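The values are calculated or read from the model by the stated rules, or taken from the named source; none is laboratory data. These numbers were taken from a predicted model, which means no experiment stands behind them. When we count neighbours, we look across all protein chains shown, and the Cβ atoms used for this are built from the backbone with ideal geometry, even at glycine. Ligands, DNA and RNA are stripped out before the accessible areas are found, and what is left, the full protein with its side chains, is counted by its heavy atoms. Shrake-Rupley method; radii C 1.70, N 1.55, O 1.52, S 1.80 Å.
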Amino acid sequence: MKILVPVKRVIDYNVKVRVKSDGTGVDLANVKMSMNPFDEIAVEEAVRLKEAGIASEVVAVSCGLAACQETLRTALAIGADRAILVETDAELQPLAVAKLMQALAAKESPQLVIFGKQAIDDDANQTGQMFAALMGWPQATFASKIAIADGCATVTREVDGGLETVELKLPAAITTDLRLNEPRYATLPNIMKAKKKPLDTLTPADLGVDVAPRLATLKVVEPPKRAGGAKVADVKELVAKLKNEAKVI
Amino acid sequence: MSVLVIAEHDNASLKAATLNTLAAAKKLGGEIHVLVAGSGCAAAAEAAARLDGVARVRVADAPIYADQLPESLAELVRQNAAGYSHILAPATTFGKNLLPRVAALLDVAQVSDIVAVESADTFVRPIYAGNALATVKSVDAVKVVTVRTTAFDAAGEGGAAAVEAIAAGADAGLSKLVGRELTKSARPELGAATVIVSGGRGLGSGENYRSVLEPLADKLGAALGASRAAVDAGFVPNDYQVGQTGKIVAPELYIAVGISGAIQHLAGMKDSKVIVAINKDPEAPIFQVADYGLVADLFQAVPELVSELG
């Protein structure tokens, strides 16, 4: 069984995001970029399925700038076998990425595609579900446990009320939640090995996909700041303020 | 222009998130229809018909919708999408699971998690864990939108919409529900609570979480929440998590106990009206957003707070 894992290059989750003063977006110049944390969980899960003898090959995919090669090398260092970069300078929105993945799935015929549930930059939470719809495949979003057997994936999902378990007929798409696994640290020997693993580059045109954006971002601003920071001396003062000042109890 | 709101419900009643989504729909203008797809869902459909601002309720009542599986539901929405300029669902795990699938079937973008409606095609949504707000305009013929429930006040009752049955679609037959482990609680739902008591790593264990926070939540009639650290450590189940990737909440009063205040947690609660933080570390980032910060040992301060509240 082949598994495809799309990975996105995003601003590192520890970096404090700064909105550009001209309101056109967020400042990405000289900012540390990393693999989207949910995608790292997806790569780890795919590699574990390979280590368990369930998957035969793990192919990491990234769509975007040439710099996404670094993200793909990280996936290869975790244990993916090879990588595909769909290179473009164009702004890619979730529907476009889902279509690129659809075109790649037609070439690669995976039985499973594991996505991160959302990217921590646009927080869209769409691509996996859109891909599943385009393929006519079943989906399990927000996965905290995956078991593969007899042509089915049994997936435990984190939902608002608790947990839900669904069974999907393969091929299927799954999106990862935080508690699916803890990704390993890539070791130096594996980072070195990753440099030698195959990385193919394609373009959206090679795949025949129109990636034109459907949403125009008109402006990006900082959210209103909270006037927090006030302290109270003790519990008595806290209760008095909640009763008399905030009037919430 | 007309708007289709996808109801989130449990067949017997509507989930509160549906009322907030309806409120967002009312800001768009145009006639509003509500789709209730379920199994034995007449009561939920009747509840939708009583809501203020709803012109028509369309009901697909069939066993294949009993478990709300997205493959069959998305196909049903696609089949009934003709004529609508907007399709809305709450940005809950239900809506997030379903609506991108609908958008892709219609070959349109989705606008996720909107917090404001600027016009019929322009919306405001948080990005980067709420550290920026983007105003986006959709150029698609149909706007598919999920709604951040805390950003819109729930719609009220007072309507008397027509209820119309629509044909069920085919069973996609791709997936099935194996089971659900839903957290049972007599407390208010986290997403709709007016007071939330939330605990973090500082509590040290699940036992401490319960023994320290439950008396306070009981006293205030509050829902219980948690930081990611507390959920990852196994103190409480996943559905307690408040944050960028958990639940987004905005109660009247949010009491953060033993929570340091990672960006990802703040993203889920910083729109609360009043924030109280109790933490022994005076440098904890949670204090920067707190209206009332108390630097103290939570194991002493919280029981004292319970007794002060009488």
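Among the DSSP beta bridges whose two residues both lie in chain A, what percent are antiparallel, rounded to the nearest 5?
Once the DSSP bridges in chain A are tallied, antiparallel ones form about 40 percent.
At what distance in nm do the modelled label points of residue B:297 and residue A:70 sit from each other, each positioned 7 Å from its Cα along Cα→Cβ?
Placing both labels 7 Å beyond Cα along the Cβ direction yields 4.6 nm.
One quarter of the convex hull surface, Cα atoms only: what value does that give for the range A:164-242 in nm²?
14.9 nm²
Determine the distance separating the Cα centre of the range B:71-104 from the Cα centre of the range A:144-188; give it in Å without decimals.
What the calculation gives is 23 Å, centre to centre.
Per residue and in cubic angstrom, what volume does the convex hull of the Cα atoms of the range A:103-249 have?
Given the Cα convex hull of the range A:103-249, per-residue volume reads 261 Å³.
Report the local net charge at residue A:10: Lys and Arg +1, Asp and Glu -1, summed over other residues whose C-beta lies under 13 Å from its C-beta.
Summing Lys and Arg as +1 and Asp and Glu as -1 gives -4.
Over the protein assembly as shown, with every protein chain in place, what whole percent of the accessible area is carbon and sulfur at 1.4 Å, could you tell me? Mind showing how you got there, number by number?
Details: 10900 of 21790 Å².
That share works out to 50 percent.
From the Cα trace of the range B:29-107, what convex hull volume per residue do you get, rounded to a whole Å³? Write down the numbers at each step before the final one.
Details: hull volume 7.7 nm³, N = 79.
So the per-residue hull volume is 97 Å³.
Bin width 10 Å, alpha-carbon pairs only: give the P(r) of chain A as whole percents, running from 0 to the bin holding the largest distance.
Calculated P(r), rounded to whole percents: 7, 28, 31, 18, 9, 6, 1.
Nearest 0.05, what FRET efficiency do residue A:184 and residue A:12 give at R0 = 25 Å with Cβ-Cβ as r?
The formula returns an efficiency of 0.85 here.
Using the structure shown, select from A:32/B:137; B:247/B:270; A:16/B:143; A:99/B:176 the pairs with a Cα to Cα distance greater than 23 angstrom.
A:32/B:137; A:16/B:143; A:99/B:176
Stretch residue B:107-residue B:43 to full length: gain in nm at 0.36 nm per residue minus the Cα-Cα span?
19.7 nm
Let me know the charge dipole size of the protein assembly as shown about its Cα centre in debye, to the nearest 20, where only the beta-carbon of Lys, Arg (+1) and Asp, Glu (-1) is charged. Spell out each step's value before the answer.
Values: 57 positive and 65 negative charges, 134 e Å.
About 640 debye.
So which DSSP H runs in chain B come out at 18 Å plus along the axis (Cα) with average Kyte-Doolittle of at least -0.5? Don't skip to the end; give the middle numbers.
Details: long enough: B:16-28 (20 Å, 0.59); B:93-105 (19 Å, 0.57); B:206-220 (20 Å, -0.61).
Qualifying helices: B:16-28, B:93-105.
Note down the nm distance, to one decimal, between modelled labels 7 Å out along Cα→Cβ at residue A:91 and at residue A:170.
3.9 nm
For residue A:234 and residue B:139, what does the FRET efficiency come to when R0 = 45 Å and r is the distance between their Cβ atoms, rounded to the nearest 0.05?
0.20
Just the number please: accessible area per residue for the protein assembly as shown, 1.4 Å probe, all protein chains included, in Å².
Working: 21790 Å² over 559 residues.
On a per-residue basis, the protein assembly as shown sits at 39 Å².
How much of the DSSP beta bridge set in the protein assembly as shown is antiparallel, as a percent to the nearest 5?
Antiparallel bridges: around 35 percent, rounded to the nearest 5.
Give the span of the range B:154-310's Cα atoms along each principal axis, as three whole-Å numbers ordered largest to smallest.
60, 39, 29
If I take all pairs of Cα atoms in the range B:129-217, what percentage of them are more than 14 Å from each other?
Result: 85 percent of Cα pairs exceed 14 Å.
To the nearest 20 Debye, how big is the dipole of chain B about its Cα centre, given +1 on the beta carbon of each Lys and Arg and -1 on that of each Asp and Glu? Walk me through the numbers before you get to the answer.
Working: 25 positive and 33 negative charges, 72 e Å.
That gives a dipole near 340 debye.
Suppose R0 equals 56 Å. What FRET efficiency, 1/(1 + (r/R0)^6) with r the Cβ-Cβ distance, do residue A:210 and residue A:51 give to the nearest 0.05?
0.90
Once you list every other residue whose beta carbon is under 10 Å from the beta carbon of residue B:15, what net charge do they have if Lys and Arg are +1 and Asp and Glu are -1?
-4
Can you list the residues of the range B:242-262 that have at least 30 square angstrom less accessible area with all protein chains present than in their chain by itself, probe 1.4 Å?
B:244, B:245, B:247, B:253
Around residue B:175, under 13 Å between beta carbons, what's the net of Lys plus Arg minus Asp minus Glu among the other residues?
That sum, taken over residues with Cβ under 13 Å, equals -2.
In Å and on Cα atoms, what radius of gyration and Dmax does the protein assembly as shown show?
Cα-based Rg and Dmax for the protein assembly as shown come out at 23.3, 70 Å.
Can you give me the three principal axis dimensions of the range A:34-167 from its C-alpha atoms, in Å, biggest first?
39, 32, 27
For chain B, what proportion of DSSP beta bridges, expressed in % and rounded to the nearest 5, is antiparallel?
Numbers: 11 of 57 bridges.
For chain B, the DSSP antiparallel bridge percentage is about 20.
Of B:160, A:133, B:287, which is farthest along the charge dipole of the protein assembly as shown in the positive direction, counting Lys and Arg as +1 and Asp and Glu as -1 at C-beta?
So the residue furthest toward the plus end is B:287.
Karplus couplings for the range B:249-265 from phi (6.51 cos²θ - 1.76 cosθ + 1.60, θ = phi - 60°), rounded to Hz, Gly and Pro as x?
With the stated coefficients, the range B:249-265 comes to 10, 8, x, 5, 9, 10, 10, 9, 10, x, 10, 6, x, 4, 3, 5, 6 Hz.
Principal axis extents for the range A:111-152, Cα atoms only, whole Å, descending order, please.
Here the spans come out as 37, 24, 11 Å, largest first.
List the residues of the range B:92-120 whose accessible area drops by at least 30 Å² when all protein chains are present, compared with their chain alone, using a 1.4 Å probe and counting only protein heavy atoms.
Residues of the range B:92-120 that lose at least 30 Å² of accessible area once the other chains are added: B:93, B:96, B:97, B:100, B:101, B:104, B:107, B:109, B:110, B:112.
Under a no-solvent Debye model with one identical scatterer per Cα of chain B, what's log10 I(q)/I(0) at q = 0.09, 0.13, 0.15 Å⁻¹?
-0.49, -0.94, -1.14
To the nearest 100 Å², how much accessible surface do chains A and B hide from each other in total, with a 1.4 Å probe?
Interface area, both chains combined: 6700 Å², rounded to the nearest 100.
Nearest 20 debye, what's the magnitude of the dipole of the range A:54-134 about its Cα centre given +1 on Lys and Arg Cβ and -1 on Asp and Glu Cβ?
Details: 5 positive and 10 negative charges, 59 e Å.
About 280 debye.
Aspartates and glutamates near residue B:184 by alpha-carbon distance under 19 Å, same-chain residues fewer than 8 away left out - which ones?
Answer for residue B:184, where 19 Å is the Cα cut-off: A:158, A:160, A:164, B:8, B:10, B:67, B:207, B:214, B:218, B:239, listed by chain and number.
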